[in-house]
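Before any comments, here is the structure.
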Amino acid sequence: MNTMSASPAKSADPQASASHAPGASSQLIWDLPQRLVHWLMVLSFSGAYLTAETERWRLVHVSLGYTLAGLVIFRLVWGLLGSRHARFANFVRGPAAVLAYLRGLLQGRPQHFAGHNPAGALAIVAMLGLALGLTASGYATYTDLGGEWLEETHELLANGLLAVIGLHVLGVLVSSWLHRENLPRAMITGRKQAGPEQGIRRSWAPLAALILVAVLGFWAWQWQQAPVASAASAQQHHDDDD
């Protein structure tokens with residue numbers, strides 16, 4: 001009897017399988033756009049969070065915030081139209097499935113999923129929702145569409161997102177240990193141990209390249225705006241001194 005996970009025959013979820021089921025091999029699970037957007041979102045949020053409290057890096061903070069907004073919108077669309085394991089319909093499950101997975105996790109024998117597990121799916125939905133609210137409140141604050149309460153809401157959402165990310169990372173580490181698989185590496189390579197029927201055929205590399213070009217192009221355009229903004233700010237300070 002496999003003590004690490006439920007048997008596929010006993011699992012009601014077609015996406016669940018045994019961690020070391022017969023016939024399991026390295027399969028492409030995560031497409032390239034999903035992986036690229038994942039790590040770009042990590043970079044964008046981290047950079048924006050670290051530059052939030054200084055006026056000197058305001059343009060960087062705003063640029064990364066806009067980037068995060070665009071990436072979240074893409075992820076929502078890709079969650080409807082993307083490859084098999086990127087779609088929300090494939091991995092978002094109800095409270096019963098989440099509780100069952102967590103129960104198995106605490107007992108040291110969680111179900112293994114080729115894609116996101118139910119608890120991870122809950123964290124992903126929460127992070128996307130918080131990121132949407134964060135970028136919307138950030139835009140409204142930056143364009144003076146709200147008062148001080150909106151700025152406080154923006155900070156609250158940022159700290160809330162950071163907390164959920166922390167829980168998500170902890171869950172990934174625990175799941176990696178119990179399943180004996182490196183989940184962070186899988187989000188880099190796109191490959192996990194799974195049955196051949198769980199793999200995807202296309203990596204969607206051209207779309208990923210287009211996303212990367214768009215992000216880098218936006219950053220370059222924002223960078224070109226920085227000297228103009230700095231000159232205008234310097235002139236304003238000079239006028240104030242006069």
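FYI, it's all coordinate maths here, none of it is from the lab. As the structure is a prediction and not an experimental result, all values here were calculated from the model. In this analysis, Cβ positions are derived from the backbone assuming ideal geometry, glycine residues included, and neighbour counts consider all displayed protein chains.
Relative to 2.2 N^0.38 Å, what does the C-alpha radius of gyration of the range 70-202 come to as a ratio? Two decimals please. Walk me through the numbers on the way to the answer.
Details: Rg = 17.1 Å, N = 133, 2.2 N^0.38 = 14.1 Å.
In units of the 2.2 N^0.38 Å rule of thumb, it is 1.21.
For residue 170 and residue 25, calculate 0.36 nm times their separation in residues minus their Cα-Cα distance, and state this gained length in nm to one decimal.
Working: separation 145, 0.36 × 145 = 52.20 nm, distance 2.58 nm.
Taking residue 170 through residue 25 to full extension adds about 49.6 nm, to one decimal.
Using 0.36 nm per residue of separation minus the Cα-Cα distance, give me the extension gain between residue 77 and residue 220 in nm, one decimal. List each step's numbers first, then the result.
Values: separation 143, 0.36 × 143 = 51.48 nm, distance 2.51 nm.
My answer for the length gained is 49.0 nm.
If R₀ is 51 angstrom, what is the calculated FRET efficiency for the pair residue 189 and residue 148, using the beta carbon separation as r and rounding to 0.05?
Computed FRET efficiency for residue 189 and residue 148: 0.65.
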